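Here is the structure we will look at.
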Amino acid sequence: MRNYFSILSFLAFIAQDLCADSFIYNSFNNHGVIGLVNMPTARFYDEASYGITIYDGTPDQKITMTSFPYDWLEASFFYTNIQGKPYCDRAFDFVCQQDYKDKGFNFKLRLKEEGLWPAVAIGMNDVAGSGYYSSEYIVGSYGLNRIDFHFGLGWGVLDGSNDSFKNPFGYIYDGFKDRPDFTEDKGGQLQPNRYFSGKTTSPFFGLSYAINEKILFKLESDTTTTPGNIGYEEPKYGYSFGFDFSIKDNFSIGISSERGNYFSLKFIYKNNPKESKKAYKYKKSEINKPTDDKYVKFRRNIQNNGIGVNKIIETQDSIGIELTQFTHPNLDIIEEIIQSASIDSGINKNIKKDLRIANLQAATEFDDEFENSAKVIYERKKSRNFYTTNTFTLRPFLASREEFFKGALLFENNSEYVISDNFFFSSNLKYSLLDNFDDLRVPPVNTYPAQVRSDIKDYLRNIDEGIIIGRAQLDYHVTLKKNHHLMFTGGILEEMFSGIGAEYLHFKHNSKYAFGFEVFEVQKRDYEMRFGRLDYKNVTYSANFYYRNYKYIPFDMKLSYGEYLAGDEGATFELSRSYLNGMKFGIFASFTDVSKEQFGEGTFDKGIFFNIPIAGNLLSYTWRPLTKDPGAKLVRKHNLYDLLVKFKPYNY
């Protein structure tokens with residue numbers, strides 16, 4: 001212990017003026033939490049930041065994706081592979097002969113930012129998982145130039161120190177003195193009686209030292225419980241240390257010595273989109289000529305920023321513009337573009353807007369008197385258009401019972417034929433360049449109440465059988481009257497279902513609320529994913545309610561109730577956070593009339609979804625711990641709210 005504090009004193013002495021609490025000088029620990037080697041810290045990244053950690057230790061290996069919906073909230077999910085631990089206890093089953101696999105969620109909440117006193121955070125690991133990594137902590141952090149000091153208390157898996165003492169929460173309530181040794185219903189649900197519970201808690205402390213901008217040294221008292229459920233070796237020492245080497249701004253490699261038993265390796269990718277994908281900036285048209293009139297310049301400036309101009313009208317006092325756009329995620333950007341375009345064009349009159357998407361009237365400042373008294377300056381000629389793009393995409397399938405990682409590299413074509421302003425045909429075609437789905441053979445444990453998603457392996461095995469159809473559908477949109485919108489859809493709706501249906505939405509762009517309903521008659525597609533169909537049919541429907549909060553904690557919420565693809569009935573709750581650059585993080589959970597026993601492992605359908613920038617484009621992905629049939633919904637290309645929310649103000 002004396003040597004440990006000697007190191008602290010030496011590093012403090014040589015420290016230079018450099019901020020310790022920053023995106024550069026903080027990195028993820030082995031579990032995808034901003035921290036040291038295994039211990040957490042009270043540090044956070046800016047909201048909208050995210051990262052991926054790939055860890056190779058002994059005996060566990062782990063992939064963790066971490067996001068920061070807010071400056072004060074860190075959320076992550078992980079998959080782990082525990083080497084040498086059987087997947088199950090049936091010796092005759094070949095599935096049981098592979099390594100054990102697990103998944104779960106981690107959360108960390110900032111209680112206090114650093115000031116005169118340290119930053120303080122509280123967190124939980126392996127929430128709603130099987131409990132192998134189940135732990136809670138309270139941690140403080142204080143930076144001194146190049147050094148960042150950390151100290152805290154750990155419960156559960158983090159309560160493995162010889163210096164542990166009685167759980168202080170036990171003095172408040174006796175229930176905190178006992179920590180259950182088991183998880184309810186094989187995990188998959190919240191278990192509050194475990195949190196911050198146990199006879200004891202362990203103190204931990206550590207530091208990180210920025211040797212320079214490329215090398216970060218980490219040292220900690222490691223209170224990880226051994227052997228625990230993971231099967232760690234008994235520690236030779238009570239501390240761990242390591243070095244993180246920054247290869248590029250967003251990519252680093254970490255090498256650590258853990259408790260004197262073994263060396264581990266981790267790869268870290270982190271991104272702060274506020275820097276890498278900044279908010280949209282107005283671009284003036286470069287083809288404007290001095291001889292062009294102000295209306296031509298105005299139209300070109302707007303169109304140069306991804307917004308279509310349908311019509312320009314004018315009265316003595318005002319100019320009216322009818323616009324359509326699919327590009328920008330919120331009204332703030334659109335209004336900034338209009339204002340900048342008008343200034344660059346020399347237009348000084350008041351501008352009234354009629355905003356449309358797929359010819360749905362999202363918001364309008366026009367009235368009958370204005371339109372009747374105005375003269376038409378410009379009107380776009382109606383025409384049919386065809387758009388097509390080709391991309392390479394990665395299709396992951398994680399933690400199957402056959403193998404930890406399965407995936408495919410796909411060549412995809414996305415095309416759209418604009419028949420009219422409100423009538424579209426869109427398609428998605430896929431071709432597998434490389435995949436390892438052929439040995440996905442283990443059937444699902446149960447398929448109650450009907451097999452609508454749990455046969456995903458049957459679809460994936462055929463993904464290399466030539467060109468497959470991901471989507472081929474017709475969409476027709478109409479605004480019946482102000483704030484009342486309809487969409488009709490038919491065709492191949494997704495990889496697993498075809499069908500026809502309709503959606504209604506009541507939407508006011510300046511209201512916090514929107515509501516509507518949808519109904520679809522669907523039929524299961526066959527496993528070749530072309531034009532064949534299976535026998536299963538159903539009518540799925542839901543009533544939907546949307547809410548956007550603009551005050552202290554900005555968020556978007558969706559509540560829906562109805563019948564799902566498998567015929568079960570219930571409600572789905574979604575909570576998400578969107579950003580000016582188009583990024584989005586969200587969580588969801590569905591609770592239906594399927595009982596816990598009928599659902600099996602996992603208890604209920606839940607997961608996360610996100611849009612993040614990858615190679616300059618936004619990647620959309622939805623992750624579930626388990627692929628089950630209850631709570632399954634159609635994977636639609638978009639719904640009415642997805643379109644019209646682009647004309648709501650951003651919720652800062």
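The values are calculated or read from the model by the stated rules, or taken from the named source; none is laboratory data. All values reported here derive from a predicted model rather than from experimental measurement. So basically every Cβ, Gly included, is an ideal-geometry build from the backbone, and we count neighbours across all protein chains shown. Ligands, DNA and RNA are excluded from the accessible area calculation, which covers all protein heavy atoms including side chains. Shrake-Rupley method; radii C 1.70, N 1.55, O 1.52, S 1.80 Å.
One table, with the values for the structure above:
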read-out: Percentage, to the nearest whole number, of Cα pairs in the stretch 88-216 over 22 Å apart; value: 50
read-out: For the chain: relative contact order, % (alpha-carbon pairs under 8 angstrom, 6 or more apart); value: 9
read-out: For the stretch 534-551 and the stretch 346-425, distance of Cα centres in Å; value: 22
read-out: Only Lys, Arg (+1) and Asp, Glu (-1) charged, at Cβ; the chain dipole about Cα centre in debye; value: 1400
read-out: Burial ranking of peptide ranges 299-309, 280-290, 510-520, 235-245 (average Cβ count within 10 Å, highest at the top); value: 299-309, 235-245, 510-520, 280-290
read-out: Cα convex hull of the chain, projected area averaged across orientations, nm²; value: 33.1
read-out: Computed [θ] at 222 nm, helices only, for the chain once each DSSP H run of length n ≥ 4 contributes -39500 (n - 2.57); value: -2500 deg cm²/dmol
read-out: Cα Rg, Dmax, the stretch 147-303, angstrom units; value: 26.4, 83
read-out: For the stretch 393-464, size of Cβ-based charge dipole, Lys and Arg +1, Asp and Glu -1, in debye; value: 240
read-out: Accessible carbon and sulfur surface of the stretch 518-652 relative to its total accessible area, %, 1.4 Å; value: 58
read-out: Expected-Rg normalisation [2.2 N^0.38 Å, Cα atoms] applied to the stretch 470-586; value: 1.23
read-out: The stretch 28-91 - percent relative contact order, Cα under 8 Å, separation 6 or more; value: 27
read-out: Where only alpha carbons of the stretch 227-365 are counted, the Rg and the Dmax (Å); value: 27.6, 85
read-out: Residue 92/residue 534 FRET efficiency (R0 25 Å; Cβ-Cβ; nearest 0.05); value: 0.20
read-out: Å² of accessible area per residue within the chain, as computed with a 1.4 Å probe and no ligands counted; value: 47
read-out: Violating pairs (Cα-Cα greater than 24 angstrom) within the set 108/274; 457/558; 103/214; 584/633; 177/236; value: 457/558; 103/214; 177/236
read-out: The stretch 500-645: relative contact order as a whole-number percent, Cα under 8 Å and 6+ apart; value: 16
read-out: Chain lengthening between residue 251 and residue 552 when straightened (0.36 nm per residue, less Cα-Cα); value: 105.0 nm
